[in-house]
Every structure is written in C-alpha cells, then in structure tokens.
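Engineer: Take a look at this one; I'll ask things after.
The values are calculated or read from the model by the stated rules, or taken from the named source; none is laboratory data. Predicted, not measured: the structure shown is a model, and the values here were computed from it. Positions of Cβ are backbone-derived with ideal geometry, glycine not excepted, and every protein chain shown enters the neighbour counts.
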Amino acid sequence: MKQVVRVKLLADSQQLDVLVRTLAVCNDTATLVARIAHEKRVFRKRDLRAITYATAREHGGLGAQVAQSVIRKVADSYTSLRANLRNGRYGPAGSRRRQRVENAPIRFRSDAAQPFDDRCLSWQHDPNDTGGGSVSIWTVDGRVKNLRFVGHPDQVAMLRDYRKGETDLVVHRDRTGTPTAYLIATCELPDPPVEVGEHLRTPDGWIGVDLGIVNIAVASDRALGDDLLREYGDGAPDGPTGRGSTKDRRTRNRELRQALQKKNTKSAKRLLRRRARREARFAADVNHQISKKVVAEAERTGRGIALENLTGIRERVRFRKPQRATHSSWAFAQLGAFISYKAARVGVPVLSVDPANTSRRCIRCGHIDKKNRPHQDRFCCLGCGFVEHADIVGSHNIAYRAAEDYRAQSTVPGAA
C-alpha cells in the first residue's frame with residue numbers, strides 16, 4: 001500500500017531563495033528538454049537522454065543526477081499526455097482543443113515540483129522520534145546541509161521506516177507571495193489483512209455509497225446516510241449554524257468563475273488562479289471528511305464499502321450545456337481514492353461496481369424502470385409503490401450489487 005507523506009522545511013530566507021532558484025533552473029531546463037523532445041518527436045527516456053543530456057547539464061549547470069531527473073520528468077510528462085490524449089481528455093481527434101495540445105510542447109511552471117533521488121537528497125532522522133530531522137539537498141549554489149524539517153510524528157516515523165523512491169521538492173506561496181518549501185515522499189507500507197467473511201455475501205455486509213451532483217455522497221447505512229445528507233447534502237443548513245449545501249457553494253463558485261472569465265482582465269485572471277486553488281482545497285477537505293466518516297463506520301461495523309465505477313462517465317454521458325460544468329466540477333475520483341487508501345490502512349474491503357440502473361431498480365421488488373425516479377430526489381416504484389429518497393435507493397442498490405459481485409468472485413476456483 002502506497003501513501004504520500006509531506007513534511008515542511010524550516011528554511012531561512014537565504015535557504016528559501018536558493019531552493020526557489022533551484023526549482024526555477026530545473027523547470028526552465030525541463031521546458032527546454034520538452035521542446036527538443038517535441039521537435040525531434042523523441043519521447044522514450046533512453047532516447048531522450050541520448051540527445052538532451054549534455055544540453056540539460058550545460059543549460060542550467062545541473063549536476064549529473066539532477067539532469068537525469070529532469071529528463072525523466074519530461075519523459076514521464078509526455079507519457080501522461082499521450083495517455084490523456086488516448087482517453088479523450090482533450091476532446092476527440094481533430095478538435096481544436098486537442099490540436100492545440102498536440103501541436104505545442106509541454107511547458108513547466110517555474111515552481112513546479114522537482115524530484116530528487118537519494119544521491120541528491122539524503123535524510124537524517126532525529127533519534128527520539130519527535131517528528132523532525134534534517135536533510136542534505138543539492139541546489140544550484142551547492143549542497144545545503146542540515147536543513148531541518150518537521151511533520152506529524154506518525155508521518156515522520158512512516159517516512160523513516162517505509163520511504164521508497166524519489167522525493168519531490170515543492171514550494172507553495174501564500175496570498176502575500178511568501179514561499180514555503182515542502183518535501184513530498186512516497187511510502188510503501190505492508191498491506192494489512194483485508195477482512196473477509198460470509199457476511200460480505202449479503203447486501204447488509206456492505207455500505208453502498210452513491211455519488212451525485214446535488215448530494216455528493218449518500219450511504220446505505222441509514223444513520224451515516226442521514227449524517228452525510230445533513231452535513232453536505234442539498235438541505236444542509238447555511239449561515240452561522242452550518243457551512244451550507246456543498247452544491248450551493250459549487251454553484252456560487254461557478255457563477256463567480258464565469259463572471260471573472262468574462263471580464264478577462266489581468267486582475268481577474270490572478271483572482272481566478274487564486275480561487276482555483278481555494279476551490280481545490282475545499283473539495284479535498286470535503287472529500288477527506290466524507291471518506292473518514294464512511295471508513296470509520298465500515299471499520300466499526302465490520303462491513304465492506306461499495307463504490308460506483310465511474311471511469312469514463314464524462315465520455316459516456318451527455319448533458320445539456322448548463323449542466324456540463326456542474327457535472328464535471330467535483331473530484332469524485334479523488335473521493336474514491338481517499339476512501340480506498342483509508343480503507344486499505346484498516347483492512348476494510350472496497351469494491352467498485354457497475355452503476356447501471358442503480359437509480360432505477362426498486363430495492364423492495366426489484367422492478368427496473370426509468371419512470372421509477374420521477375424527480376431528482378424522489379423514488380417511487382411503479383411495480384409495488386415503494387417510496388424513498390432516490391439517492392438512498394441508489395446506495396442500497398450499490399450494496400446489493402457489491403454482494404452479487406463478491407459472491408461471483410468467491411465462487412471462482414482459486415479465488416481468495
């Protein structure tokens with residue numbers, strides 16, 4: 001199981017300056033390498049290294065290992081770009097947006113993250129596990145040694161015992177432009193045993209989570225589902241007693257975004273960039289809260305978690321123009337990833353199921369009909385007359401399908 005750990009560097013003004021300049025030089029060199037790769041149509045790491053290594057070292061005065069890291073970063077970026085193009089991320093072949101992406105080389109921001117391997121960045125942990133230590137890191141002004149870092153003691157302990165691979169140096173700036181440096185590393189933890197049992201063969205052994213636009217997440221567990229509706233759903237209280245509906249906040253953000261884009265001034269663009277970061281932090285915060293609640297309840301009751309498999313939904317589903325921005329403005333993949341890694345840490349099984357007809361099937365008689373859902377939040381079965389909140393019905397159907405899939409997997413010869 002992989003987990004990302006971030007620690008803060010306690011750098012003074014002089015050290016921060018050299019770290020910022022190091023990132024700028026590395027990313028300027030990466031932009032040059034990316035332009036050469038685009039012109040020569042060479043994207044494989046080995047081939048790209050053969051034609052750009054000397055240029056990369058000479059252009060920015062980079063060390064040998066840092067130059068290698070810059071070239072790898074460029075090759076990996078083009079690999080990701082080609083994958084996104086194949087998956088339709090930038091539109092169909094021949095579209096204006098896709099042609100614009102295909103015809104331009106990748107460019108890197110001056111403060112984009114730069115990976116360092118263990119030759120360029122070494123760690124020294126405090127012996128008393130106080131949540132700190134120091135690093136020695138290569139910079140354009142030479143090696144900076146004894147640079148202190150701090151973090152949560154549990155995360156620093158995880159970093160000491162399970163860190164694997166390269167470490168990214170990133171610099172974030174606050175609203176006043178003051179920089180703060182961080183190190184981000186990946187830890188490979190041993191997988192805890194995942195809970196199994198006969199109870200997972202029934203829908204009651206699963207917590208189904210229905211994802212939606214009006215209500216971000218609704219669970220089949222009644223108490224948990226009501227809590228999620230009350231805290232983040234369409235009826236969440238606004239004002240001093242609550243944070244308001246997540247959907248309403250998304251709508252306000254989108255309307256302000258549209259107004260600023262229409263204005264199209266330099267100050268409006270600066271505000272758009274600032275608000276984009278704020279909206280991303282808000283979405284991540286809500287996703288963390290929801291995932292914690294869901295995983296905690298599943299761990300407490302010994303149940304599994306069933307999620308909808310929404311891969312490719314943007315390409316499969318067609319919406320009217322006013323609905324497109326709303327449909328695509330929430331990080332559902334991030335919410336699923338948060339639930340998955342939190343569940344993996346405590347051994348809770350997670351299963352992705354096909355979402356087809358989960359909002360149309362009656363959980364009492366099994367009747368499936370598009371007309372069973374006459375309104376966004378109301379389910380009324382045409383077969384037996386059963387009435388319930390539509391998202392709760394969807395979450396129960398997701399749990400039902402998870403039990404079906406689990407039974408099918410457990411009957412395969414050789415299945416665990």
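Engineer: Go through R96, R109 for me and flag whichever is touching a residue at least 24 places away in the same chain (Cβ under 8 Å) and among the basic types (K, R). If you could, list the steps in order and put the result at the bottom.
Structural biologist: Details: R96 fails: touching a residue at least 24 places away in the same chain (Cβ under 8 Å).
So the residue among R96, R109 that is touching a residue at least 24 places away in the same chain (Cβ under 8 Å) and among the basic types (K, R) is R109.
Engineer: Do any residues in segment 78-91 that are in the same structural domain as V33 (by TED's automatic domain parsing) and of a type in the set (A, V, I, L, M, F, W, C) have Cβ atoms under 8 Å from those of residues that are assigned to a loop (DSSP other than H, G, I, E, B) and surrounded by 15 or more Cβ atoms within 10 Å (Cβ to Cβ), where the two are at least six apart or on different chains, and which pairs are they?
Structural biologist: Pairs that qualify, where the first residue is in the same structural domain as V33 (by TED's automatic domain parsing) and of a type in the set (A, V, I, L, M, F, W, C) and the partner is assigned to a loop (DSSP other than H, G, I, E, B) and surrounded by 15 or more Cβ atoms within 10 Å (Cβ to Cβ), are L81/I106.
Engineer: Tell me which residues, restricted to segment 87-134, are assigned to a loop (DSSP other than H, G, I, E, B) and hydroxyl-bearing (S, T, Y). If you could, list the steps in order and put the result at the bottom.
Structural biologist: Of all residues in segment 87-134, those assigned to a loop (DSSP other than H, G, I, E, B) come to 87-95, 103-113, 117-120, 126-131.
Those that are assigned to a loop (DSSP other than H, G, I, E, B) and hydroxyl-bearing (S, T, Y): Y90, S95, S110, T130.
Engineer: Moving to a separate point now. Considering only residues that are farther than 23 Å from D168 by Cα and not hydrophobic (A, V, I, L, M, F, W, C), which ones fall in segment 36-54?
Structural biologist: Answer for segment 36-54, where residues must be farther than 23 Å from D168 by Cα and not hydrophobic (A, V, I, L, M, F, W, C): H38, E39, K40, R41, D47.
Engineer: In addition: With the condition kept exactly as written, say whether any residue in segment 193-212 is surrounded by 20 or more Cβ atoms within 10 Å (Cβ to Cβ), in a loop (DSSP other than H, G, I, E, B) and touching a residue at least 60 places away in the same chain (Cβ under 8 Å).
Structural biologist: The answer is yes, given that some residue of segment 193-212 is surrounded by 20 or more Cβ atoms within 10 Å (Cβ to Cβ), in a loop (DSSP other than H, G, I, E, B) and touching a residue at least 60 places away in the same chain (Cβ under 8 Å).
Engineer: So, one more: Assigned by TED's automatic domain parsing to the domain that holds K342 and modelled with pLDDT of 85 or more: is that true of Q289 in this structure? Step through it out loud before you land on a result.
Structural biologist: Details: assigned by TED's automatic domain parsing to the domain that holds K342: yes; modelled with pLDDT of 85 or more: yes.
Yes.
Engineer: If L159 passes every condition in (1) crowded, with 17+ Cβ neighbours inside 10 Å; (2) in a strand (DSSP E or B); (3) not β-branched (V, I, T) but one, which one does it miss?
Structural biologist: Condition not satisfied by L159: (2).
Engineer: When segment 332-360 is examined, which residues are found to be within 23 Å of V196 (Cα to Cα), modelled with pLDDT under 90, touching a helix residue (DSSP H, G or I) at 6+ places or on another chain (Cβ under 8 Å) and part of a helix (DSSP H, G or I)?
Structural biologist: Scanning segment 332-360 gives a single hit, V346.
Engineer: What's the number of the only condition in (1) touching a Cys at 6+ places or on another chain (Cβ under 6 Å); (2) assigned to a helix (DSSP H, G or I) that D391 fails to meet?
Structural biologist: Status for D391: all satisfied but (1).
Engineer: Here's something else I'd like to know. Just for segment 270-306: of the residues that are within 27 Å of G394 (Cβ to Cβ) and of a type in the set (D, E, K, R), which one is nearest to the chain's Cα centre (by Cα)?
Structural biologist: Ranking the qualifying residues of segment 270-306, first place goes to D285.
Engineer: Keeping to segment 1-17, report how many residues are not in a helix (DSSP H, G or I) and not charged (D, E, K, R).
Structural biologist: Just the residues of segment 1-17 that are not in a helix (DSSP H, G or I), to begin with: 1-12.
Those still in the list that are not charged (D, E, K, R) too: 1, 3-5, 7, 9-11.
Residues meeting the conditions: 8.
Engineer: Could I ask something else about it? With in a loop (DSSP other than H, G, I, E, B) and surrounded by 13 or more Cβ atoms within 10 Å (Cβ to Cβ) as the only criterion, which of V42, V20 stands out? Walk me through how you get there before you give the answer.
Structural biologist: Values: V20 fails: in a loop (DSSP other than H, G, I, E, B).
After ruling out the rest, the residue left standing is V42.
Engineer: State yes or no: is I305 at pLDDT 85 or above and either under 21 Å from Y232 (Cβ atoms) or in the same structural domain as A93 (by TED's automatic domain parsing) (or both)? Spell out the reasoning first.
Structural biologist: On the way: at pLDDT 85 or above: yes; either under 21 Å from Y232 (Cβ atoms) or in the same structural domain as A93 (by TED's automatic domain parsing) (or both): yes.
When the stated conditions are applied, I305 passes them.
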